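One structure is given below, represented as structure tokens, and several questions about it will come after.
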Amino acid sequence: MTVTTTNYSEHLTSKLSFYGQLMEEFGYTSLIISSGLPKQIFWDDNPYPFKVNIHFKALVPVSDVANSYIIFKPGNKPTLAFYQPEDYWHVVPADPKGVWVECFDIKTFRGRNDWQQFLPKNRKGLVWIGEPQEELGSLNITSINPENLINPIHYQRAYKSDYEVACLRQANLIAAKGHLAAKEAFYDGCSELEIHGAYLQASNQKEEELPYSNIIALNEHGAVLHYTDLTRQRYAEQNIHSFLIDAGASYLGYCSDITRTWSYKEAEFADLIKAFDSLQQDLIKSLVANKSYVDMHINTHLKIAELLKESEFIYCDADTALETGITSTFYPHGLGHLLGLQVHDIGGQVITPQGEINPPPTAHPFLRLTKQLEVGFCITLEPGLYFIDLLLNKLKRTKNAEFINWTKVENFKKFGGIRIEDDLIIKQDGVENLTRDAFNLCLK
């Protein structure tokens, strides 16, 4: 399924209907959603890269236009106040086009605050969603980012429409092309920066269009969970060991988030990657609606402990490795998260429309998704296994050090670690693996 006028229109109608119900319930008459404003670097005349308000791009699939506004009054066609300044220093945004334009009453404006002419004359019950701006004090706004609207909207973000799933599929396809090019560059002996460039070129993305900074980690750099240094050094062939890449793409504001790990040689680390890939795929096969993601995360610790035991990294059984916290040394992050308009889509720990939070277990504080899985969720599943000096040194100072095969661990530090991550849609009859499907399409 691709993005169409029909599935976009259904998506927008559903969203605005939901917003309208909330507004009626809480006495709001009109809604303004700002795209956001550029931010200047301190003591500089250059701006930071612009990042659009997520609530704006949830309705309008445009991520690069600042100072524009959605104005919505239930029962009426939504207005898009679209900024096209008179400017010869910068490129002026082109007239809007795409499957979405017929769904809006589009009004262009030139002056910075000229959009205000499109606001309703009666400002009573006017609500604002977005980062606060200086002029809000003069607009008689009733409420700015009220929790009684924001909480249920964030809660609802977990459920993806057909239009959103189509966008996520395309984002995975774009990223898969980049991943395959990056893999080829790795085996050609390229530096991290060169691999990054290969990824950008193959995925046809600019740096600022990436949903997050690419993790391009050679050798022991794979032990840094969010490694983004991109060294320029090329290694001698005998010193090339491994490659961990965590890189995504954006399509109409929606993100992909994919991780793969490669071994330079067909040796013991390559075997470990194959075993870990099988582990990850077995976890995906076990996903069903109404399953606790917290339980899934803890079960993943047990599976990784079994692999550590089979691979002779530890001497104790899997239950002991989990109970003593040994598994958290080798797997110190969460199993995955919601995915959508953001890489770590908001609301992963929100379990009621009112904003009630289900915190992660004390022993697993970095778990971003603590909901029960439901049909329509888009999630990632990304188990990892790492050889991190900081955590290993802490473990060495405990009584549990006796359970570790330190000689083997030391031999694997040069590989950094393994992470394998797919993007998934929870369906009534199982799981749609957006990532594996995308790779399969690219390799046909």
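Quick check on my filter: what residues within region 283-299 are more than 20 Å from the chain's Cα centre (by Cα) and part of a loop (DSSP other than H, G, I, E, B)?
Correct list: SER286, VAL288, ALA289, ASN290, LYS291.
Could I ask something else about it? Give the residues of region 300-335 that are out of contact with any helix residue (DSSP H, G or I) (no Cβ under 8 Å at 6 or more places or on another chain) and assigned to a helix (DSSP H, G or I), sorted by residue number.
GLU323 - this is the single residue of region 300-335 that is out of contact with any helix residue (DSSP H, G or I) (no Cβ under 8 Å at 6 or more places or on another chain) and assigned to a helix (DSSP H, G or I).
Would you mind stating whether TYR264 is crowded, with 19+ Cβ neighbours inside 10 Å and over 27 Å from the mean Cα position of the chain (by Cα)?
So TYR264 fits the description; yes.
Any residue at all in region 240-258 that's assigned to a helix (DSSP H, G or I), surrounded by fewer than 22 Cβ atoms within 10 Å (Cβ to Cβ) and not β-branched (Val, Ile, Thr)?
no
Separate question: Looking only at region 397-439, count how many residues are polar (S, T, N, Q) and either at pLDDT below 95 or not assigned by TED's automatic domain parsing to the domain that holds ILE284 (or both).
1
So which residues in region 150-200 are aromatic (Phe, Trp, Tyr), in contact with a Gly (Cβ under 6 Å, 6 or more places away or on another chain) and either surrounded by fewer than 22 Cβ atoms within 10 Å (Cβ to Cβ) or part of a loop (DSSP other than H, G, I, E, B) (or both)?
TYR155, TYR159
β-branched (Val, Ile, Thr) and at pLDDT below 95: does that describe ILE153?
Judged against the criteria, ILE153 is not a match.
Just give me the residues in region 35-56 being in contact (Cβ under 8 Å) with a residue 24 or more places away in the chain and over 20 Å from TYR251 (Cα atoms), in sequence order.
LEU37, PRO38
Condition first: closer than 19 Å to ALA181 by Cβ and aliphatic (A, V, I, L, M). Now tell me which residues in region 212-270 satisfy that.
ILE215, ILE216, ALA217, LEU218, LEU230, ILE240, LEU244, ILE245, ALA247, ALA249, ILE258
Kindly provide the set of residues from region 72-118 that are outside any loop (DSSP other than H, G, I, E, B) and under 19 Å from HIS11 (Cβ atoms), ordered by number.
The answer is PHE72, THR79, LEU80, VAL101, GLU102, CYS103, ASP105, ILE106.
How about region 96-105: which of its residues are modelled with pLDDT under 95 and over 27 Å from the mean Cα position of the chain (by Cα)?
none
The values are calculated or read from the model by the stated rules, or taken from the named source; none is laboratory data. Keep in mind that this is a model prediction, so the values were computed, not measured. Positions of Cβ are backbone-derived with ideal geometry, glycine not excepted, and every protein chain shown enters the neighbour counts.
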